[in-house]
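Participant: Sharing a structure below in structure tokens format, with a few things to ask.
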Amino acid sequence: MKKNYKRQNTQSIGEAFGYFMKANGKEELMWEVKAEEAWHTVMGKFFEKYTDRVEVRQRVLYVKINSPAMRQELMYGKSKIIANINEEIKKDFLMDVKIY
């Protein structure tokens, strides 16, 4: 009598995607994208109108702000921004924020 074993797929799509990215050396890119998206979530709609560009390179978040006053205010809260984004993505990823 032959036993019929059914393969169980217990990974979510997200887990499978994460494994695929890691296996192909793209895990860093995945965290960069998550951190960029987290900027918008963490900072909220108020900062959307002042944000021209958000980009992560080599674990540094670069944010272009179109208001000198808002840029100055954000400079004072860099460590809090890093902590909030890392908390949002659930990984100690970002090392610095450059606001220009």
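Rule-based calculations on the coordinates, nothing more; no lab input. As the structure is a prediction and not an experimental result, all values here were calculated from the model. Heads up, the Cβs are rebuilt from the backbone with ideal geometry, glycines too, and the neighbour counts pull from every protein chain shown.
Participant: Give me a count of the residues in the stretch 57-100 that are among the hydroxyl-bearing types (Ser, Thr, Tyr) and surrounded by 12 or more Cβ atoms within 10 Å (Cβ to Cβ).
Facilitator: 2
Participant: Please work out if residue 53 is surrounded by 12 or more Cβ atoms within 10 Å (Cβ to Cβ), free of Cβ contacts under 8 Å to residues at least 60 places away in the same chain and of a type outside the set (Ser, Thr, Tyr).
Facilitator: no
Participant: Please identify the pairs in which a residue from the stretch 68-82 that is free of Cβ contacts under 8 Å to residues at least 24 places away in the same chain and more than 16 Å from residue 95 (Cα to Cα) has its Cβ atom under 8 Å from the Cβ atom of a residue that is surrounded by 13 or more Cβ atoms within 10 Å (Cβ to Cβ) and of a type outside the set (Gly, Ala, Ser), counting only partners at least 6 apart or on another chain.
Facilitator: Every condition considered, the pairs that remain are 70/47; 70/50.
Participant: Report yes if residue 92 is without any contact (Cβ under 8 Å) to a residue 40 or more places away in the chain and under 24 Å from residue 14 (Cβ atoms), otherwise no.
Facilitator: yes
Participant: Turning to a different aspect of this structure: Counting just the residues of the stretch 10-47 that are among the acidic types (Asp, Glu) and surrounded by 11 or more Cβ atoms within 10 Å (Cβ to Cβ), which one comes out farthest from residue 70 (Cα to Cα)?
Facilitator: 27
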